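First the structure, in the form of structure tokens, and then the observations on it.
The values are calculated or read from the model by the stated rules, or taken from the named source; none is laboratory data. If you're wondering where the values come from, they're calculated on a predicted model, not measured in any experiment. All Cβ positions, glycine included, derive from the backbone under ideal geometry; neighbour counts span all protein chains shown. Side chains are part of the model used for accessible areas, which takes the heavy atoms of the whole protein and leaves out ligands, DNA and RNA. Shrake-Rupley method; radii C 1.70, N 1.55, O 1.52, S 1.80 Å.
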Amino acid sequence: MKVFNFLKNAYYRLFFFFFRMYKPNPYGGRETDAFATALAILPLTFVLMADAFIIDDIFMHIIASPIINFDFPIAFGIVVLIINYVLFFSKKRYKRIKAMFANEEKRTRHWRSFFCIVFCVFSLFGMFIIDIIFGRPPK
């Protein structure tokens with residue numbers, strides 16, 4: 001259960017990282033929270049899709065065949081986008097996430113934001129890094 005709670009909090013923190021990017025003051029004002037949430041879901045979905053492709057690439061190196069069949073990556077992205085939309089807008093969960101991280105210390109917030117940036121960069125370039133290290137997997 002601790003691993004699940006860690007992953008859930010990390011996922012929420014990544015969402016809050018993008019939420020803060022689109023809302024200049026994430027600790028005040030209610031009128032733009034829903035719009036900032038909708039904008040934050042888009043890069044979060046992109047990062048999750050990139051992570052799924054990285055996992056697929058790792059499995060291709062290990063067992064020489066893809067585990068996840070991405071015949072239609074756009075359809076996969078739309079499904080992930082809908083899941084994220086339902087997750088964050090149902091029962092206005094974005095407000096609870098905003099309250100969860102509202103009392104962060106400045107130093108803690110900076111470190112967590114740094115880890116979010118590192119994770120996003122690895123998500124964007126992770127497949128290329130794995131392919132450079134291990135070579136292109138067989139098809």
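Brief remarks on what is shown
A quick yes/no check of all residues on (1) within 24 Å of Asn103 (Cβ to Cβ); (2) at pLDDT below 75; (3) among the hydrophobic types (A, V, I, L, M, F, W, C):
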residue: Ala40; (1), (2), (3): yes, no, yes
residue: His61; (1), (2), (3): no, no, no
residue: Ala64; (1), (2), (3): no, yes, yes
residue: Ile74; (1), (2), (3): no, no, yes
residue: Val79; (1), (2), (3): no, no, yes
residue: Ile83; (1), (2), (3): no, no, yes
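- Restricting Lys98, Lys92 to those that are open to solvent by 80 Å² or more (accessible area, probe 1.4 Å) and of a type in the set (D, E, K, R) reduces the list to Lys92.
- Top-ranked residue of the range 103-139 - restricted to ones that are loosely packed, with under 11 Cβ neighbours inside 10 Å and part of a loop (DSSP other than H, G, I, E, B), ranked as modelled with the highest pLDDT: Glu105
- Meets criteria (among the aromatic types (Phe, Trp, Tyr) and either open to solvent by 80 Å² or more (accessible area, probe 1.4 Å) or over 20 Å from Lys8 (Cβ atoms) (or both)) for Phe46: yes
- Matching residues in the range 81-102 - criterion: being part of a helix (DSSP H, G or I), hydrophobic (A, V, I, L, M, F, W, C) and farther than 14 Å from Tyr11 by Cα: Leu81, Ile82, Val86, Phe89, Ala99
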